[in-house]
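K.L.:
Input: one structure, supplied below.
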Amino acid sequence: MADASESLTVTDNRTGQTYELPIEEGAIRASALRLIKLNDEDPGLLSYDPGYIATASCRSAITFIDGERGILRYRGYPIEELAEHSSFLEVAYLLVSGELPNDQELALWVDEIKHHTLVHENIRKFVDGFHHDAHPMGILISTVAALSTFYPDAKDIDDAAKRRLQIVRMTAKSATLAALAFRHAMGFPYVYPDNDLSYTGNFLSMMFKMAELKLKPEPALERGLDVLFMLHADHEQNCSTSAMRQVGSSRPDPYSAAAAAVAALYGPLHGGANEQVLRMLTEIARPENVAGYVARAKDGKRRLMGFGHRVYRSYDPRGRVARQVADDVFKVTGINPLLETALELERVALSDDYFLSRQLYPNVDFYTGMIYQAMGFPVDMFPVLFAIGRMPGWLAQWEENLLDEEQKINRPRQLWVGHGIRHYVPMGHRAPYAGTRLALQAASAAPPRPGR
Ligand code: ACO
C-alpha cells in the first residue's frame, strides 16, 4: 500500500466500507474504483467524465501546459524561446526525438524531409477528382488517408526504422498535400517542391508560385509562418491528438490515424476556429458593431470564436507570440483592416465580467487568422495551415502511445440510460411516433441539392 499521505480515503456510503486509493503523479487510477462494489456481482464503480474534463488518458513527456499560469513547453523548452530562436523543422525534430538536434543531426533531418516532399502522381489525379469548391480540409483528410495505400510498409508499426520513415514522409508531405488542395481549388497548375528553399519557403512556393521561374519568399512572411507552425506543433492531449492516439491504439498505419486527427481538427471548436474567427470579424465588420455582437455572445446565441480554451484559464501564451508575428507581418503586408475590430473585440470582452468570470481570454486562433489573411491565404486554408504545423506533434504522440506498455486499445465505458429489454414489434402493431413522422416530413420538404 502506498504512503498514507499519498492516498485518497473513500467511504462508500452505500455499504459503509472504506477504501484507500493510491495517488500517483496527482492522479488516482480510475481502475482502482472498480474495487468499490456493492456486492460480488457488482462490476464496481466507474468514473463518468464527458469531455474528459478531469481524466488523464496517458502519461506523456512531450508537451507541458500549465493553463492557470499560461505556460507551454515542448520537451521542457518554453514556447517563447523556441519561437524566438528555433525553426519549425528543428521543433519537429525536438518533438519526435525528444532532444534538440546538434548541427549534423539537424542538417540530416532537414535533408531527409526535403527528399520526401514529393507525392505520388496518382495523388494529384486523386485530388483532381474533387469538386472545385471542395473544402481543403476535406481534401487533406482524404489525401492523408490515401497515403496509407501508397506505403503498405507503414503497417509495420513495430519496426522503429519504418516508423521513423513514415514520420519523415508525413512531416514532409503534409505541406505538399495542403498546397495541392489550394491549387486545385484555384484551378492553378500544381507546383513541384523546390529543395533550394526552407520547409516553409518551399510551402509558400508550392502555394503561390505562378509564371516566375522561382519564387523568392518574402523573409518576414517566411519567418512569420514558420513561427506560427512552431506555435501549433503540439498541444498535449487536445481533441485531434486524442483522435490520433485513439485511432492509433487499434494499431493501424499512422496515415490512417493522422487522417482521423485532421478530421478532428476540422471542427469549428478546434482547428476550424481560426477560420471562424475571420468569418466572425468580417461579419462584425466595424469596431462600433462589437458591443452588439458581444451582447449576443453573452446571451448564449453565439460564441466569440477565438476566445476560451479548455486548459488555459489565462492568456494563451501562443497568442502573445502570434501578436508579435502579426506586427512583423503587417509591417510588410500592411495592417489587416480587421485588426481594429479585433482589438476592440478583445478590449470589450476583457472588460466584461461574463468573459472574466469564465476565464475566457483570446486563444491563439484569435490572431492567426488575420495574419494568414494578410499573407494571402484564403480563409478555408486556415485550418489546413494548423494541420501542417500540428503534424509533428500528432506523430510524436502517436509513437509515444505505441511505445507505452501501459496503453491498450482505447475503449471507454458508458453509463447506460436506455431501455431495458424490449421485444420486437411487427410493423402493423407499432404505435405512431411523432418524432419519426416529423423527421420524414422534414426530409421530403428539404430543397434538392444543387447538381454536383
Ligand atoms: N464565447 C462565449 N462564451 C463562451 C465561449 C466563447 N468563445 N467559450 C466558452 N463560453 C462559455 C460557455 O457558454 C459556458 O458558459 P456557461 O457556464 O454560462 O454555460 C462557459 O463559458 C464554459 O464553456 P465550455 O463550453 O464548458 O468550455 P469548454 O472548456 O468545454 O470549451 C472551447 C472550450 C471549446 C475552446 C470554448 O471556449 C469555445 O467554444 N471557444 C470558441 C472556439 C475556439 O476559439 N476554439 C479554439 C480553441 S483553441 C484551439 O483549438 C487551438
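Rule-based calculations on the coordinates, nothing more; no lab input. All values derive from a computational prediction rather than experimental measurement. With ideal geometry, Cβ positions are generated from the backbone for all residues, glycine too; neighbour counts draw on all protein chains shown.
K.L.:
Put +1 on the Cβ of each Lys and Arg and -1 on the Cβ of each Asp and Glu in segment 372-434; which of Pro392, Phe382, Ile421 then has its Cα farthest toward the positive end of the dipole?
P.N.:
Of Pro392, Phe382, Ile421, it is Ile421.
K.L.:
Taking H placed 1.01 Å from N in the peptide plane, check which residues at least 5 places from Phe307 or on another chain put their amide H under 5 Å from its amide H.
P.N.:
The list, which skips near neighbours in sequence, is Asn363.
K.L.:
Test of understanding: ordering Thr333, Thr368 by Cβ neighbours within 10 Å, fewest first, what list do you get?
P.N.:
By the 10 Å Cβ count, ascending, the order reads Thr333, Thr368.
K.L.:
Return the whole-Å distance between the Cα centroid of segment 385-418 and the Cα centroid of segment 191-205.
P.N.:
With segment 385-418 and segment 191-205 each reduced to a Cα centre, they are spaced 31 Å.
K.L.:
What's the exposure ranking of Trp416, Trp394, going from fewest to most Cβ atoms within 10 Å?
P.N.:
Going from least to most buried by this count: Trp416, Trp394.
K.L.:
I want the local charge near Phe355. Using Cβ-Cβ distances under 13 Å, sum +1 for each Lys or Arg and -1 for each Asp or Glu among the other residues.
P.N.:
Residues near Phe355 contribute +2 overall.
K.L.:
Also: List the chymotrypsin sites (Phe, Trp or Tyr not before Pro) within segment 13-75 that DSSP assigns to loop and that have no more than 11 neighbouring Cβ atoms inside 10 Å.
P.N.:
Sites meeting the loop and neighbour criteria: Tyr48.
K.L.:
Counting other C-beta atoms within 10 Å, which of Leu213, Leu106 has the fewest, and how do the rest follow?
P.N.:
With the sparsest Cβ surroundings first, the list reads Leu213, Leu106.
K.L.:
Next question, about the same structure. Length gain on complete extension for the stretch Asp352 to Arg279, per 0.36 nm per residue less the alpha carbon to alpha carbon distance?
P.N.:
Here the segment from Asp352 to Arg279 would lengthen by 24.0 nm.
K.L.:
Rounded to the nearest 500, what is the chain's calculated 222 nm mean residue ellipticity when only DSSP H runs of at least 4 contribute -39500 (n - 2.57) each, over all residues?
P.N.:
Result for the chain, helices only: -15500 deg cm²/dmol.
K.L.:
Let a ≥ b ≥ c be the square roots of the eigenvalues of the Cα gyration tensor of the chain; is it rounded (a/c under 1.5), or, if not, prolate (a/b larger than b/c) or oblate?
P.N.:
rounded
K.L.:
Choose one of Ala322, Pro136, Ser174: the residue whose Cα lies farthest towards the positive end of the charge dipole of the chain (beta-carbon charges +1 Lys, Arg; -1 Asp, Glu; about the Cα centre).
P.N.:
Of the candidates, Pro136 comes out farthest on the positive side.
K.L.:
Follow-up question, since we're still on this one. Determine the dipole magnitude for the chain: charges of +1 sit on the beta-carbon of Lys and Arg, -1 on that of Asp and Glu, nothing else is charged, the reference point is the Cα centre, and the result goes in debye to the nearest 20.
P.N.:
2040 debye
K.L.:
Rounded if a/c is under 1.5, else prolate if a/b is larger than b/c, else oblate: which is segment 4-52, with a ≥ b ≥ c the root eigenvalues of its Cα gyration tensor?
P.N.:
Oblate, because a/c is 1.5 or more while a/b does not exceed b/c.
K.L.:
Next question, about the same structure. Report the label-to-label distance for Arg286 and Leu213 in nanometres (one decimal), using points 7 Å from each Cα along the Cα→Cβ vector.
P.N.:
Between Arg286 and Leu213, the simple spin-label model gives 5.0 nm.
K.L.:
Another one. Show which lysines lie in cross-link reach of Lys216 when reach means a straight Cα distance below 20 angstrom and same-chain residues fewer than eight apart are skipped.
P.N.:
Of all the lysines, those that pass the test against Lys216 - Cα under 20 Å, at least 8 places apart if same chain - are Lys114, Lys331.
K.L.:
How big is the dipole moment of segment 34-192 about its Cα centre under a simple scheme where the beta carbon of each Lys and Arg is +1, that of each Asp and Glu is -1, and everything else is neutral? Debye, nearest 20, please.
P.N.:
440 debye
K.L.:
Separate question: What net charge do the residues around His116 carry, taking every other residue with its C-beta under 12 Å from that of His116, with Lys and Arg at +1 and Asp and Glu at -1?
P.N.:
It works out to a net charge of +2.
K.L.:
Counting Lys and Arg as +1 and Asp and Glu as -1, each charge on the Cβ, what is the dipole of segment 329-373 about the Cα centre in debye, to the nearest 20?
P.N.:
160 debye
K.L.:
Moving on to the next point. With a Förster radius of 30 Å, plug the Cβ-Cβ distance of Asp133 and Tyr190 into 1/(1 + (r/R0)^6) and report the FRET value to the nearest 0.05.
P.N.:
Efficiency, from the Cβ-Cβ distance: 0.95.
K.L.:
Output the relative contact order of the chain, whole-number percent, from Cα pairs under 8 angstrom with separation of 6+ residues.
P.N.:
18 percent
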